[in-house]
Ligand code: GLN
């Protein structure tokens, strides 16, 4: 098998299914074929395979900048934006000799849970094309589930890797905050954003994280912590593992089928020698409210740079202020505008203490809830999302219902701990995701449990 074979396979699969799935915003076929050829030549001239990811076809979420390749964040405002440099994760994948197949669709600026907020098109769930693939990394999850690429990168601010992974029946990891460099990830909410891998198997996922993780001087929040050999944690042995199951994660709002499936998974883990007990994360009920204040506040500041002058689309009419206003009004979609307004309001003087500051205090309490539980348990387990993939159009006109989709993933981002979603069987023909949450920088244990269970 050559790299050229793999890349051919990727594009022929894309030709077959892309008209139904619509996962990609850009394809980089010419460059990919050239690189495949170069990698094949390199390998025939040296006898050993250079690394576990050598020649693998990858798709990149379109909020991760790629040199010379259009990077839109699925926003009309950045329709023509061609970055002049690569994100650190893209550089690291290049060093691992992967082949970029294209850029993947998402909710505009990663704001959403269904991909319906893309400024260009709606990606569909390969399991049922009338359903959403989840969001915001919907293209990343759907492309892997549909076999268009071997793996992809997504970003997760409040669940955007894990929820689409759950909906599409693939494996999605949100690493510890600081584990992976955010340099070159277009910022949504800088204190929450993390890049992570979406794959078919836990093993693949561990190898990809090994390749992209690690300290980076270009991201001041990147942690100077050694990168473990995650792939070596996949021993299959979870005897004596202590699992906590938060009662808030199995409560009302979580559908019966999903709860049933999670209980089944816990039985499987028990049969492998683990034990589980119910615990409480008492402040998780405030997580969604705190998240939407914090994330929107940070977004309102981060998105101020899109003024129609420096990047993307410019609507030049009237004076400079008019140009700013018109470019932003026409460039941003509804949801992005809603977040900017909410965030600007929460940060405004007179309201700051009541909203932003309070939300930050709640965030601390949520983090403490996790720390408390992790004193006695190795991992926390629950569903990734309260339901399986919903129908396209079902929630899009009701933002609050849409926001509630993230209720089980958001607390993890607020705390900063790592969490994976692994497929846990089907409910009425649709995939259910099991969420495994770990201690700070303990992705190894998360992978070990996920792999044993898989
Ligand atoms: N769905 C959440 C939001 O809309 C999370 C998005 C994300 O993780 N990027 O903010």
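For this structure, a couple of remarks:
- Ordering 330-343, 224-237 by mean Cβ neighbour count within 10 Å, with the highest value first, yields 330-343, 224-237.
- Highest mean first, the peptides 97-109, 350-362, 255-267 sorted by other C-beta atoms within 10 Å per residue fall in the order 97-109, 255-267, 350-362.
- Cβ crowding within 10 Å averaged over residues, with 388-400, 435-447 ranked highest first: 435-447, 388-400
- Helix-only mean residue ellipticity at 222 nm for the chain, each DSSP H run of n ≥ 4 adding -39500 (n - 2.57), per residue, nearest 500: -11500 deg cm²/dmol
- By the count of neighbouring beta-carbon atoms within 10 Å, fewest first, 186, 245 end up ordered 245, 186.
- Exposure proxy shown here: for 310, 218, the number of other Cβ atoms within 10 Å sets the order, fewest to most, as 310, 218.
- The residue 305 and residue 42 beta-carbon pair, evaluated with R₀ = 35 Å, returns a calculated FRET efficiency of approximately 0.35.
- Bridge type composition, the chain - antiparallel percent by DSSP, nearest 5: 65 percent
- Theoretical gain in end-to-end length, residue 391 to residue 365 [0.36 nm per residue, Cα-Cα removed]: 5.9 nm
- Label-point separation, residue 404 to residue 12 (7 Å along Cα→Cβ), nm: 4.7 nm
- Alpha-carbon centroids, segment 320-366 and segment 1-32: separation in whole Å: 38 Å
- With Cα atoms defining each centre, segment 169-187 and segment 59-109 are spaced 14 Å apart in the structure.
- Length available on full extension from residue 129 to residue 215: 0.36 nm per residue minus the Cα-Cα distance, which gives 27.0 nm.
- Segment 250-311 and segment 379-406 have Cα centres separated by 10 Å.
- Taking the fewest neighbouring Cβ atoms within 10 Å as the starting point, the ordered list for 215, 451 is 215, 451.
- For a paramagnetic label modelled on residue 376 (point 7 Å from Cα along Cα→Cβ), amide N atoms under 14 Å away belong, within segment 229-251, to 242-247.
- Here the simple spin-label model places points 7 Å from the Cα toward Cβ, and for residue 317 and residue 252 these points are separated by 5.0 nm.
- Spin-label zone in segment 416-454 - amide nitrogen under 15 Å from a point set 7 Å from the Cα of residue 229 along the C-beta vector: 444
Readers should treat all values here as calculations from the given coordinates under stated rules, not as data from a laboratory. Predicted model only: the values in this text are computed from it and were never measured. Please note: Cβ atoms are built from the backbone with ideal geometry, for glycine as well, and neighbour counts cover all protein chains shown.
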